[in-house]
1. Just to verify a number: what accessible area does Cys289 come out at with the full protein assembly present, 1.4 Å probe, Å² rounded to tens?
2. How large is the Rg to Rh ratio of segment 214-273 when both quantities use alpha carbon positions and Rh follows Kirkwood?
3. Which whole-number percent gives the relative contact order of segment 342-426, counting Cα pairs below 8 Å spaced six or more residues apart?
4. Provide the per residue accessible area, probe 1.4 Å, for the chain, rounded to a whole number of square angstrom.
5. Pick from Gly41, Gly167, Gly115: which residue has the top mean-square fluctuation in a GNM of the chain where Cα pairs under 10 Å get a spring?
6. What size of dipole, in debye to the nearest 20, comes out for segment 69-314 about its Cα centre when the only charges are +1 on Lys and Arg C-beta atoms and -1 on Asp and Glu C-beta atoms?
7. Go through Asp54, Asp281, Asp322 and list them by solvent-accessible area, largest first, probe radius 1.4 Å.
8. For segment 214-289 and segment 1-35, what is the separation of their C-alpha centers, rounded to whole Å?
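The values are calculated or read from the model by the stated rules, or taken from the named source; none is laboratory data. Model, not experiment: these values are computed from the prediction. When we count neighbours, we look across all protein chains shown, and the Cβ atoms used for this are built from the backbone with ideal geometry, even at glycine. These accessible areas exclude ligands, DNA and RNA; they are computed on the full protein's heavy atoms, side chains included. Shrake-Rupley method; radii C 1.70, N 1.55, O 1.52, S 1.80 Å.
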Amino acid sequence: MDHNQELFDRAQKVIPGGVNSPVRAFRSVGGAPRFIERAKGPYMWDAEGKSYIDYVCSWGPMILGHNNDDVVAAVKEAVERGISFGAATEAEIVIAEEIRKLVPAMEEVRLVSSGTEAGMSAIRLARGYTGRDKIVKFEGCYHGHSDSLLVKAGSGLLTFGNPSSSGVPASVTEHTLVLEYNNPQQLEEAFARYGDEIACVIVEAVAGNMNLVRATPEFIRTMRELCTKHGALLIVDEVMTGFRVALGGAQSLYGVTPDITMLGKVIGGGMPVAAFGARADIMQKVAPCGPVYQAGTLSGNPVAVACGMATLKQIQRPGFYDELSAQTSKLTAGLTEAAREAGVPFCADSVGGMFGIYFLDEKPRGFADVMKADQARFGRWFHEMLELGCYFAPSTFEAGFVSITHTDDVIAKTVEAAREAFAKVA
Ligand SMILES: *Cc1c(COP(=O)(O)O)cnc(C)c1O
């Protein structure tokens, strides 16, 4: 029996679904997930010793490729000085200063250990700062799995949401309004009706959790104006897009200044670091300065911070993002051409080192469009690609990622494999 299957069978006896995060289970494409043993640069090796070109990159963090030598050296050096102190360290100041330099809207920064924590804390801070309860989120955007954000749209257009997970009280999600992505009119209606009760609007400016969907500039501009006008805070969730779509994140591409920014993924370089930050007057509401409570035993962990800082150093090399974007565009152009040759309805898009591939005739503008993708054909294509040594995200609702180690040669091999895979599923 395949060793991956054996491990999967064993895992399912002690871990729900055999995985520690649901998408890893391959539920939407079927089959046994690959159990990874090691990785280097753009490659990963599974329990059978089979190698894959990796387009998941740990869901974004591995922007320098796996096991970058300088990052590994920084981590080793930090480990030797101590794994955790539960006390302040200079490294936390250094990374906070670096974050403020790269994302100026984050005048003050609090480090946490996951994007979920950053989202939960950002919402609490917005509520504490404004003294309001209601929050607005958009269909298809993901901001971590805290209770008030696990919401689906209510039954009517401007009715408040219902829990999208069992275990979340309706009394928590009744404060969350779920609106359509890229629909500025709906946002205006929501503010006209509830403007003085809304604490914040939270958004992914380039959405990456319903495949990749770009916000229109008008959508973001309207959001910024309405928040300012009504005294609500704009939270831009850059957990995925931060240091991924551009050095300054999606906010630098849209020219928008959020009130609160969330970071994660790349900022830890593969270790558990995330952050939220804002103007000083907002951040001064956070404990111990202010009344909004927030804490973490391992927040700002020295080993994780060393890993993140070593990653942040390398991405500032001149030309890094031009190179990363160029490689990502070569990939999406190659895949699109391969699909066209095979006559498979397909299109693709990318922003910086993040991409979307769609088994659709045109690029999606929101969640309803993404839902129309040919899931069955994607599933077959995914397995063909896996067999040919290319590891893509196992779902039509996830974005893909390229690292700086995905050279022309690596991308050419991927496109070659894709020709074969598209021909098989045509
Ligand atoms: C991944 C992600 C999160 C959650 O981060 P975790 O570290 O998985 O908790 C939140 N928001 C966005 C946009 C993300 O992509």
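1. Approximately 90 Å² of Cys289 is accessible to the 1.4 Å probe.
2. 1.02
3. 33 percent
4. Solvent-accessible surface per residue comes out at 42 Å².
5. Maximum fluctuation in the GNM of the chain, among the listed residues, is at Gly167.
6. Roughly 100 debye, rounded to the nearest 20.
7. Asp322, Asp281, Asp54
8. Using only Cα atoms to place each centre, the spacing works out to 34 Å.
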